[in-house]
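Taking it in order: structure first as structure tokens, then the write-up.
Where a number appears in this text, it was derived from the coordinates with a stated rule and is not lab data. As the structure is a prediction and not an experimental result, all values here were calculated from the model. Note: ideal-geometry Cβ built from the backbone for every residue, glycine included; neighbour counts use all protein chains shown.
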Amino acid sequence: MDEHALFYRSSLLSRTLVAQQKDQDCPYPLTARIHGSSSLYAGSVSKAASLHWTGERVVSVLLLAMGPAAYYFPGPAVDYSLAAALTLHGHWGIGQVLTDYVHGEPKIKMVNAGLFLLSTVTFAGLCYFNYNDVGICKAVALLWSK
Amino acid sequence: CFISLRTFTRQGTCLFRPQFGILCRHAVPMGTTANEEMNTFWAKNNKLNRPMSPHLTIYKWSMPMMMSITHRGTGVGLSGGISAFALLALVLPGNYPYYLDLIHSLSVGPALLSLAKFGIAFPVSYHTLNGIRHLFWDSGKGFKIPEVYRSGYVVIVLSILTSIAAIAYM
């Protein structure tokens, strides 16, 4: 492992690299600017994956906040927010599991389609339950009352 | 597991800095994404019919490993449970209080009832607390090995305590 600091970054960021060479011809530290989309690379990189990652964390934090919200302010607003956040968090979570264990282009497409179907039905079912039945908050309260 | 379409950079030597007169390390983005690299790996190895090296059967299991797979297991289980609930809501004729009374009328003993409640409460509290631990990691904190183990034990203990509290007091 060499002494140089290596940074792996999305190409739209610029970072200062401090490198030290122990060679005789270079006893002083080097600083070189790393440009992601430099003149050496003509194409641009999609931010889709990076935004997806951030989105996952945002939904996680929102879902976390909905715990106390459901406890202190039960009602339709929290019910539908919970339905959306739970479904999306679960959809993205299972998506990561599938990405880890399923390989091969056709299989990946198939299981992701199946997941999309499942998540759609899940969201529909939860909204149906919120509209036509007692709602998620009340359901948990009732379940725990006995 | 970190799977993303993040482009990896590769070391290259840049020669357009003649004033330094020395080779400097410069990051050059590669032409393929992580996803493409992974797919290439699997396609090649499946085509060559290569067996996979043993991994889970030979590595020594550690506490962080077990907590990680438990986080995944509870996540998948909870997600499945929610989907099952949603499907039943769409398919079954009666309403929720009706089915709740039906289950209660089976006169399940208090021990079994507490066990069932624990079976729901523990996955929720473990996944939530370990999830918070994950978010700390995402912010860059707590990666030193002693910290990983310490935070792990805190999550396990708090999960059990909150689950028991949920059963006893609610």
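Taken one residue at a time, the phi angles of segment B:142-148 give Karplus couplings (6.51, -1.76, 1.60, θ = phi - 60°) of x, 8, 4, 3, x, 5, 4 Hz. Gly and Pro are set to x. For A:ALA141 and B:LYS60, a Förster radius of 35 Å and the Cβ-Cβ distance give a FRET efficiency of 0.20, rounded to the nearest 0.05.
A simple spin-label model places pseudo-atoms 7 Å from Cα toward Cβ; at B:HIS134 and A:HIS52 they are separated by 1.5 nm. Is the shape of segment B:60-100 rounded, prolate or oblate, going by the alpha carbon gyration tensor and its root eigenvalues a ≥ b ≥ c, with a/c under 1.5 for rounded and a/b larger than b/c for prolate? Prolate is the answer for segment B:60-100, as a/c is 1.5 or above and a/b outweighs b/c. Across segment A:84-131, the fraction of Cα-Cα pairs farther apart than 18 Å, rounded to a whole number, is 34%. Rg over Rh for segment B:37-166 works out to 1.11, both radii taken from alpha-carbon positions and Rh defined as the Kirkwood radius.
Per-residue mean of foreign Cβ neighbours for B:66-72 is 1 (Cβ atoms of other chains, 10 Å radius). May I ask which of B:LYS60/B:LYS141; A:LYS107/B:LYS117; A:LYS138/B:LYS141; B:LYS117/B:LYS144; A:LYS146/B:LYS141; A:LYS47/A:LYS107 have a Cα-Cα span longer than 30 Å here? Too far apart for the 30 Å limit: A:LYS107/B:LYS117; A:LYS138/B:LYS141; B:LYS117/B:LYS144; A:LYS146/B:LYS141. The label-point distance for A:ASP133 and B:PHE143, in a model that sets each label 7 Å from Cα toward Cβ, rounds to 4.4 nm.
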